[in-house]
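Written out below as structure tokens is the structure these notes cover.
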Amino acid sequence: MFKAIVSADTLTDALDSVSVLVDECKIRLNEEEFSIRAVDPANVGMVDLSLDAAAFESYEADGGVIGVNLGRLQDIAGMANSGDLIRFELDEETRKLHIGIDGLSYTLALIDPDSIRQEPDIPELDLPAQIVLEGNQLDRGITAADMVSDHISLRVDEGSEAFYIEAEGDTDDVDLELTSEDLIDLTAGPADSLFSLDYLKDMNKAIPKATEVTVDLGEEFPVKLHYEFAEGLGHVTYMLAPRIQSE
Amino acid sequence: MCGRYTLYTDPKRLRERFDAEPDRPLERRYNCAPGQELPVITGEDPDRMQFFKWGLTPAWADEEQGLINARAETVDRKRSFADAYESRRCLVPVDGFYEWADRGDGKRPYRVAFEDDRPFAVAGLWERWEEPTRQTGLAEFGSGGANEDSSTLETFTIITTEPNDLISELHHRMAVMLPPDCEADWLHGDPEAVVDLLEPYPDDELTRYPVSERVNSPTNDDPSLVDPIST
């Protein structure tokens, strides 16, 4: 059973955060929350999203799992204006999802969840550094790095208590220094890892610029990026595997 | 350009001809194409036939380059090839190569080989490239850190020169074919001296004949590809 009403903005924020990594996903319709966990086909980037029942105007679910084509669902959500409400009702018999937006009805055929890639386990990581910054600071570093390279280095300097976003191109380099005074918070620790900009750019697209982003970082370890949306009732964690130096 | 060749000589005969042991079983090949791992004999290890990927990537490159041919006239000074020319030359065992000729009604493939179909070596260069960084997967971090394996790619390119008369009617370049008594010189000789080996091979003993257009697709690789067809 699944019956819910949610604002178009909240739904769009949720779907956008997942669609940057995968085309199809399983949605877990738990009693207390709507959640998605997915990993890209190369097993490099992962997203873990939860949207609390309280983020919906109304929400009734009993723990079912549905499989959806995210692009199709985004297209439907795109038919709503900002501030519109979107109604969902799952037809258990036909395994179709009825979606209503301001007089428009759409019946979405679901995908067999067993045919979708298995949800990943989240690796247990002990990441020694934590940086809390604004989405637009991260966006600035990623945008600049993308001008010169395909890779981006995220680094914490324990001595100077600063976070660095760096990129080295064939001819040009980029270096954004964010001191502990520029940041919302910094727990300094040994942290220096290189990442593919293709992935990080996609994740960055989904991160609201005005939101607070927490970055957990280690040395040649995956980075975790967390942020909240839907007034703190939605949580996204991205995890991205690093590129490591060849021996 | 030399972009496709054959190597279907009996594997035992091939081992004897080059006095080299293959690293993996030799298969009869009728359509060797760029991007494939094919046998080469390097100056560094002349007793082995190693399998390198056709399409050279210089050691200093940031990403794969896939250079399948190098021009004899400039190979000693082009940045992509100069280092390999100096110290990483190789023999590419071959028993014929394909060229495409424009006969007015589209390009048609021809096979060029010795009249007795004997194997020979074309002059090549090789490189060992290590990806500067390697993308890890999240699964590697479940316990401990990432694997330490680096991604190494061994590649080769074939040197081309002006064509001889037989081939000039088909194409404006041909692979550098080495006479057997010059093969060791190519592998081990002084770079300034071996440049003299990069000449068109005389056409007296060579033959050319049209073959099926099925050779156009690298996915076709069977004995019928080397059968002559009537035009």
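Filter the stretch A:197-207 for residues that are open to solvent by 40 Å² or more (accessible area, probe 1.4 Å) and away from chain B (no Cβ under 14 Å); which is farthest from the chain's Cα centre (by Cα)?
My answer is A:Lys201.
Residues of the stretch A:133-150 being of a type outside the set (Ser, Thr, Tyr), open to solvent by 50 Å² or more (accessible area, probe 1.4 Å) and modelled with pLDDT of 95 or more, which ones?
A:Glu134, A:Asn136, A:Arg140, A:Asp146, A:Met147
Report yes if A:Gly232 is out of contact with any Pro (no Cβ under 6 Å at 6 or more places or on another chain), away from chain B (no Cβ under 11 Å) and in a loop (DSSP other than H, G, I, E, B), otherwise no.
yes
Give me the residue from the stretch A:213-236 that is among the charged types (D, E, K, R) and at positive phi and, out of that set, most open to solvent (accessible area, probe 1.4 Å).
That would be A:Glu231.
Which condition number in (1) open to solvent by less than 30 Å² (accessible area, probe 1.4 Å); (2) among the small types (Gly, Ala, Ser); (3) at negative phi; (4) in contact with a helix residue (DSSP H, G or I) (Cβ under 8 Å, 6 or more places away or on another chain) is the one that A:Ala210 fails?
(1)
If a residue must be more than 26 Å from B:Val195 (Cβ to Cβ) and of a type in the set (Gly, Ala, Ser), how many such residues does the stretch B:114-123 contain?
0
For the stretch B:123-135, which positions are in contact (Cβ under 8 Å) with a residue 12 or more places away in the chain and either open to solvent by 10 Å² or more (accessible area, probe 1.4 Å) or over 17 Å from B:Glu44 (Cα atoms) (or both)?
Matches in the stretch B:123-135: B:Arg128, B:Trp129, B:Glu130, B:Glu131, B:Pro132, B:Arg134.
Taking only pairs six or more apart or across chains, which ones have beta-carbon atoms under 9 Å, a first residue in the stretch A:76-93 that is free of Cβ contacts under 8 Å to residues at least 40 places away in the same chain, and a second residue that is open to solvent by 90 Å² or more (accessible area, probe 1.4 Å)?
Pairs that qualify, where the first residue is free of Cβ contacts under 8 Å to residues at least 40 places away in the same chain and the partner is open to solvent by 90 Å² or more (accessible area, probe 1.4 Å), are A:Met79/A:Asp102.
Identify, from the list B:Glu44, B:Glu73, B:Glu99, the residue that is in contact (Cβ under 8 Å) with a residue 60 or more places away in the chain and surrounded by fewer than 19 Cβ atoms within 10 Å (Cβ to Cβ).
B:Glu73
If I ask for residues that are away from chain A (no Cβ under 14 Å), within 24 Å of B:Thr155 (Cα to Cα) and in a strand (DSSP E or B), which ones from the stretch B:113-143 would you list?
Of everything in the stretch B:113-143, those that are away from chain A (no Cβ under 14 Å), within 24 Å of B:Thr155 (Cα to Cα) and in a strand (DSSP E or B) turn out to be B:Phe120, B:Ala121, B:Val122, B:Ala123, B:Gly124, B:Leu125, B:Trp126, B:Glu127.
Within the stretch A:43-83, can you find the residues that are more than 14 Å from chain B (Cβ to nearest Cβ), surrounded by 14 or more Cβ atoms within 10 Å (Cβ to Cβ) and in a loop (DSSP other than H, G, I, E, B)?
Once the filter is applied, which keeps residues that are more than 14 Å from chain B (Cβ to nearest Cβ), surrounded by 14 or more Cβ atoms within 10 Å (Cβ to Cβ) and in a loop (DSSP other than H, G, I, E, B), the stretch A:43-83 yields A:Phe56, A:Met79, A:Ala80.
Let me confirm something: among B:Pro180, B:Pro109, which residue is under 28 Å from B:Arg88 (Cβ atoms) and either away from every other protein chain (no Cβ under 14 Å) or at pLDDT below 90 (or both)?
Going through B:Pro180, B:Pro109 in turn, the sole match is B:Pro180.
Within the stretch A:18-41, track down each residue that is under 17 Å from A:Ile122 (Cβ atoms) and within 14 Å of chain B (Cβ to nearest Cβ).
A:Leu21, A:Val22, A:Arg37, A:Ala38, A:Val39, A:Asp40
Within 14 Å of chain B (Cβ to nearest Cβ), at pLDDT 95 or above, crowded, with 17+ Cβ neighbours inside 10 Å and part of a strand (DSSP E or B): does that describe A:Met239?
yes
Just one of the numbered conditions (1) touching a helix residue (DSSP H, G or I) at 6+ places or on another chain (Cβ under 9 Å); (2) open to solvent by less than 60 Å² (accessible area, probe 1.4 Å); (3) not hydrophobic (A, V, I, L, M, F, W, C) is not true of A:Gly100; which one?
If we test A:Gly100 against (1) touching a helix residue (DSSP H, G or I) at 6+ places or on another chain (Cβ under 9 Å); (2) open to solvent by less than 60 Å² (accessible area, probe 1.4 Å); (3) not hydrophobic (A, V, I, L, M, F, W, C), just (1) comes out false.
This table checks each residue for (1) open to solvent by less than 70 Å² (accessible area, probe 1.4 Å); (2) within 24 Å of the chain's Cα centre (by Cα); (3) over 16 Å from A:Val223 (Cα atoms).
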residue: A:Leu108; (1), (2), (3): yes, yes, yes
residue: A:Leu127; (1), (2), (3): yes, yes, no
residue: A:Arg155; (1), (2), (3): yes, yes, no
residue: A:Glu158; (1), (2), (3): no, no, yes
residue: A:Glu161; (1), (2), (3): no, no, yes
residue: A:Asp170; (1), (2), (3): no, no, yes
residue: A:Glu181; (1), (2), (3): no, no, yes
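How many residues does the stretch B:47-62 hold that are closer than 15 Å to B:Trp129 by Cβ and open to solvent by 10 Å² or more (accessible area, probe 1.4 Å)?
Of the residues in that region, 5 qualify.
So if I check each of A:Thr211, A:Thr179, A:Thr171, A:Thr143, which one is within 14 Å of chain B (Cβ to nearest Cβ) and among the polar types (S, T, N, Q)?
Checking each option against the conditions leaves just A:Thr171.
Would you pick out the residues in the stretch B:169-191 that are open to solvent by 10 Å² or more (accessible area, probe 1.4 Å) and of a type in the set (A, V, I, L, M)?
B:Leu170, B:Ala184, B:Leu187
The values are calculated or read from the model by the stated rules, or taken from the named source; none is laboratory data. Quick caveat: nothing in here was measured; it's all calculated off a predicted structure. Positions of Cβ are generated from backbone atoms using ideal geometry, with glycine treated the same way; all protein chains shown enter the neighbour counts. Areas reflect the complete protein model, heavy atoms only, side chains present, ligands, DNA and RNA absent. Shrake-Rupley method; radii C 1.70, N 1.55, O 1.52, S 1.80 Å.
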